[in-house]
1. Could you figure out which of (1) aliphatic (A, V, I, L, M); (2) surrounded by 14 or more Cβ atoms within 10 Å (Cβ to Cβ); (3) at pLDDT below 90; (4) in contact with a Leu (Cβ under 9 Å, 6 or more places away or on another chain) isn't true of Ala47?
2. Within segment 1-42, can you find the residues that are at pLDDT 85 or above and charged (D, E, K, R)?
3. Quick one: how many residues across segment 1-35 are part of a helix (DSSP H, G or I) and touching a residue at least 60 places away in the same chain (Cβ under 8 Å)?
4. Pull up segment 56-81, narrow it to residues that are among the small types (Gly, Ala, Ser) and without any contact (Cβ under 8 Å) to a residue 60 or more places away in the chain, then point me to the one that is nearest to Ala184 (Cα to Cα).
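The values are calculated or read from the model by the stated rules, or taken from the named source; none is laboratory data. Computed from a predicted structure; not experimentally measured. A quick note on method: Cβ atoms are made from the backbone with ideal geometry, for glycine too, and the neighbour counts reach across all protein chains shown.
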Amino acid sequence: MKAQTAKSFLTIASDAFGVSPSTAGVIDRALAVGGLRQLGKGRSWPALTRDEALVFLLACMVTQTNTRAAEDTLPWLRLSTPMHRAARPDGVAQRLAEALPQGHGDPAPDHLRLPKALLGTCALLETGALAAEDIALRLDLAQQIAILTLGTAPKGILTFSPATPMPPLHASAIRRSTAITGAALEVIVRNIPCDPDE
């Protein structure tokens, strides 16, 4: 699979994620300026990594002001779930961590961060160990948690929460939540190689 540039992926993602192309472009630019995606040089667009595509997906889910996508998304990238067996006897978090491509491990070995869990989910989806219909991600903006459901054996529900409290949300977001199915992750797996040099 040939690496996609951010520009070519935005065309695919805006349609698949239900975001207008202009909104996708503003969100992507805000992520790049905010340091959550590499910037191109001159008029060239860099190859998009799978990590960056997952950040873009999360940004589309949580951004309240498109030009502030990086600020809106950053707290969600810090959400984590415990990995130790006492907290996760079903081993689901460990299974996702083991599925991470080499060199993509989480710096906190006792916790699995949401972006790394999604990257591991993509790896399992790519190998056929998970099917798209077995995956759901729900972000509850009011409670500031993410719930990743993997409906396969062993069935697992992982709840990701902040280590430190997130800043308060706007009053209009009190009941706001957003969700995707594995089909959104499948778009990323089909279009963005795990290693952009592949």
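1. Among (1) aliphatic (A, V, I, L, M); (2) surrounded by 14 or more Cβ atoms within 10 Å (Cβ to Cβ); (3) at pLDDT below 90; (4) in contact with a Leu (Cβ under 9 Å, 6 or more places away or on another chain), Ala47 violates only (4).
2. Lys7, Asp15, Asp28, Arg29, Arg37
3. 5
4. Once the filter is applied, the top-ranked residue is Ala59.
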